[in-house]
Amino acid sequence: MAIQANHVFCLLILITYSLLLSTVGAWSPAQLLKLGRGNRKRPVPTTLQVLTNRPDASSPSPKSTQKPKTSRKPKSNQKQTTSNNSGLRYVHRPQEDDDMPSEAPVHIDGGISLDFEDIEHSHLHHHETMEHNQMIKVPQIHIPPRLVPNVAWEHHHRATTSFVHERLNRRRNELALSEAEGLKKSVLVSNTPEWKMLQQHKDEIEGLHLRDLLKDKTRSDAMYAEHDGVYLDFSRQRASLKTLQLLQDLAARQKLSEKINAMVTGEKINFTEKRAVLHTALRADPSEVILVDGENVVDEVHQVLNQIKSFTEKIRSGELRGYTGKRLRNIISVGIGGSYLGPEFLHEVLKTEPEGINAALGYSLRFLANVDPVDVERTCADLDPEETLIVIVSKTFTTAETMLNARTMRQWLWDFMGNDKEVVRKHMVACASVSATEKVKEFGIDTENYFFRFWDWVGGRYSVCSAAGAVPISLLYGFDLFEKFLKGAQSIDRHFMTAPFDKNIPVLMGLLGVWNHSFLGYKTRTTLPYAEALLRLPSHIQQLDMESNGKVMTKYNVEVDYPVGEIDFGEPGTNGQHSFFQLLHMGQTVPCDFIGFCQSQHDLCLDGENLSSHDELMANFFAQPDALANGKTEEEVRAEGVEEDLIPHRTFKGNRPSMSLLLPKLTAYATGQLLAIYEHRTAVQGFIWDINSFDQWGVELGKKLAMDVKDHLLKARQSQDHVIEASNPASSRILNYYVSNSKDVRTCEDPTTVNPLTRVTRKTHTDHARIPPPTQHNLGGNNGRL
């Protein structure tokens, strides 16, 4: 039986193979032409032979059987096109080798017109005949020549092999690309064992509640650090002692100590701009040596500080006066970004600090940052230009907003005192990079006595300790108070460079920031100073951190695959409690930094009150972190007699992380400490994430597009009929809407004059002091033209 079954199986294989061969043969050109002949005198030719001019494999060569034709035109050796009155044509192609790939079909409107004698003599060789010049139309169906008998299987084999090889090569390429991408990704910190250990450890922490963690005395006693009066309590972080150890391991893996040392010694760690990062050198002792390109930058820093001290003392003493001989009592600092936020934060602290109050008597300091003309009005509307000194702070002296405001202030001075070049030389000061010296001189500022340089290795958001902060602050409060601020920052610098990481305040804050953001997934963070004098600190930290770490590309030119760069915001003290604390307690989780002081700058004790106003403030400082950590359970709410339906609405889940910074008193020294703590926290996070915390290319794109928009607006102002065509319809529409709705209030006396010299204002402090007040005391509002 088995033998019979094998015979049957072999017979089936032979039959199948025969059918295949007959099928292939059936689709040969000759067989195709024989299909459906029946009683028809003539077959309908197929496009296989019509388009390729190939004979049947079994037919003799057309040259040997071609009949002479009496009424035909001579053919060319390569190609001839025959047409009739109907516009149909037949394209004759030279015979090709069967192994050559077939050409793509030629699509000809109206089909293809053929002479039957061409078909008969060149391809078909049938015994029947037809009349000459009989024309037919054939559908345009291209059949490859590879289907000729005897070569079909070979072509099939070649095609299959080619297809398989193509797929294999494609797969190999995909694998190679995948391996290359994997190799690039392998350099990311997220692929290190230390990072993966923290990811696994996150699951342990998810099962713990701060309510229980805070009861662990051993843990709580280990989660604090102290240095030079600064006390950091981080026991309310969602972390255990194991978490801290794993973070220390990650810091070691990322060579945090080496990176810190590279920064403070002047190595060019700003790798996209090839610059050193040396804001710490701005508060270094004169005896220190830090070399950049062979130069001791500490010597240069103290040369500038001595120059600032001498200049500001001469202004404050009246030795240097204005163009008309009056004392310079008003200071306007013109800058934006780090040139504004840092110095203003320091100014707000010192103006209520007892020593600062006494030092600033008789002087005023204002900041002009926004390009909005309203900011100009608010800044200088009631000032006397003859008693005002303008400080222009721009690292490159090209910042668009700052330079426009600088030109506005120059015009303001000229309006009152004439356009003598000495007006600018005696009333305007520049703080800029050494590389901008020529631009400062072109502006008209005295570069010998009124120009204070800082360096390319000082980023704007790190420049508070440079001339950007030193000049305006020293003019108002005196250089000695500013020097105390530098000493406080220097104290934290040394702590940052020398303290072990488990007791290093900036390092601990930075590592816990990475833990909260990259592992626990908290996208935002808030700064909550319980001191009204620190009202501008959250804004400064916002720029410091978000401009530094708002990146996606690592130093390896590989995009991060882990979260970096929190969203920072904040508000002073109890003001924030009545603003956004609802969200902090019951909405999304936001890690909080609480900042408090043991003593107030100015305390109050009212009759009949048991506690001072500062104690009242600090009671909230201590209560809020516990409320966020512990929350309030349903049982606790129910025990208060709350209606059952309201219990879910009054239950607090808690388990919300925070840390607390407590300092002795808000002074210039303590302010320097706070500044340095947050500068170094930002750097630590960037070092762990392998990003560059010291460039800001993201700011540039918006500036470039703003220049393009200005060009559109310029053309629209010059021509009443101009229609703006921007890069997309939405931008075009809104720009044209703006132009059409501002023409009435933005008309110029001379439409061809784009930037006429106009008076900024004719009102001064004397006008504002009149009784009754003047009916108009502004800079022209919408009619003011720059």
Inset, instruction - Considering each of Pro648, Pro664 in turn, give the residue that is assigned to a strand (DSSP E or B), farther than 30 Å from Asn557 by Cα and open to solvent by 10 Å² or more (accessible area, probe 1.4 Å). - result: Pro664
Legend entry - Test set (1) part of a helix (DSSP H, G or I); (2) at pLDDT below 95 - Asp456 fails condition number: (1)
Inset, instruction - Would you tally the residues in region 300-353 being open to solvent by 30 Å² or more (accessible area, probe 1.4 Å), over 28 Å from His279 (Cα atoms) and not in a loop (DSSP other than H, G, I, E, B)? - result: 1
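So that you can scan it fast, the table gives a plain yes or no per residue for (1) farther than 24 Å from Met509 by Cβ; (2) at pLDDT below 95; (3) out of contact with any Lys or Arg (no Cβ under 8 Å at 6 or more places or on another chain):
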| residue | (1), (2), (3) |
| --- | --- |
| Thr651 | yes, no, no |
| Ala670 | no, no, yes |
| Tyr678 | no, no, yes |
| Phe687 | no, no, no |
| Lys710 | yes, yes, yes |
| Arg717 | yes, yes, no |
| Glu725 | yes, yes, yes |
Legend entry - Looking only at region 576-593, and only at residues there that are free of Cβ contacts under 8 Å to residues at least 24 places away in the same chain and open to solvent by 80 Å² or more (accessible area, probe 1.4 Å), the one that is nearest to Lys653 (Cα to Cα): Gln582
Legend entry - Tabulated pairs, region 641-656, first free of Cβ contacts under 8 Å to residues at least 40 places away in the same chain, second open to solvent by 30 Å² or more (accessible area, probe 1.4 Å), C-beta under 7 angstrom, 6+ apart or interchain: Val642/Arg650; Ile647/Glu634; Ile647/Arg638; Thr651/Lys632; Thr651/Thr633; Thr651/Glu634
Inset, instruction - Run Gly596 past the list (1) part of a helix (DSSP H, G or I); (2) surrounded by 12 or more Cβ atoms within 10 Å (Cβ to Cβ) and report the number of the one that doesn't hold. - result: (1)
Inset, instruction - Check off (1) in a loop (DSSP other than H, G, I, E, B); (2) touching a residue at least 40 places away in the same chain (Cβ under 8 Å); (3) exposed (fewer than 14 other Cβ atoms within 10 Å of the Cβ); (4) over 28 Å from the mean Cα position of the chain (by Cα) for Cys605 and give me the number that stays unchecked. - result: (2)
Inset, instruction - Inspect region 625-645 for any residue being touching an Asp or Glu at 6+ places or on another chain (Cβ under 9 Å), surrounded by 16 or more Cβ atoms within 10 Å (Cβ to Cβ) and not in a loop (DSSP other than H, G, I, E, B) and give the result as yes or no. - result: yes
Inset, instruction - Considering only residues that are open to solvent by 10 Å² or more (accessible area, probe 1.4 Å) and touching a Phe, Trp or Tyr at 6+ places or on another chain (Cβ under 9 Å), look in region 478-502 and name the one that is nearest to Arg316 (Cα to Cα). - result: Lys484
Inset, instruction - Please tell me if Thr402 is open to solvent by less than 10 Å² (accessible area, probe 1.4 Å), among the hydroxyl-bearing types (Ser, Thr, Tyr), farther than 28 Å from Lys704 by Cβ and modelled with pLDDT of 95 or more. - result: no
Legend entry - Every residue from region 406-428 that is open to solvent by less than 20 Å² (accessible area, probe 1.4 Å) and within 33 Å of the chain's Cα centre (by Cα): Ala406, Thr408, Met409
Inset, instruction - Restrict the check to region 676-690 and report whether at least one residue is on the phi > 0 side of the Ramachandran plot, of a type in the set (S, T, N, Q) and touching a His at 6+ places or on another chain (Cβ under 9 Å). - result: no
Legend entry - Residue list for region 264-299, restricted to those being open to solvent by less than 50 Å² (accessible area, probe 1.4 Å), touching a residue at least 12 places away in the same chain (Cβ under 8 Å), under 19 Å from Ser433 (Cα atoms) and outside any loop (DSSP other than H, G, I, E, B): Asn270, His279, Thr280, Ala281, Leu282, Arg283, Val292, Val297, Val298
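The values are calculated or read from the model by the stated rules, or taken from the named source; none is laboratory data. Quantities reported herein were computed from a predicted structural model and do not represent experimental measurements. All Cβ positions, glycine included, derive from the backbone under ideal geometry; neighbour counts span all protein chains shown. Please note that ligands, DNA and RNA were not included when accessible areas were found on the heavy atoms of the full protein model with its side chains. Shrake-Rupley method; radii C 1.70, N 1.55, O 1.52, S 1.80 Å.
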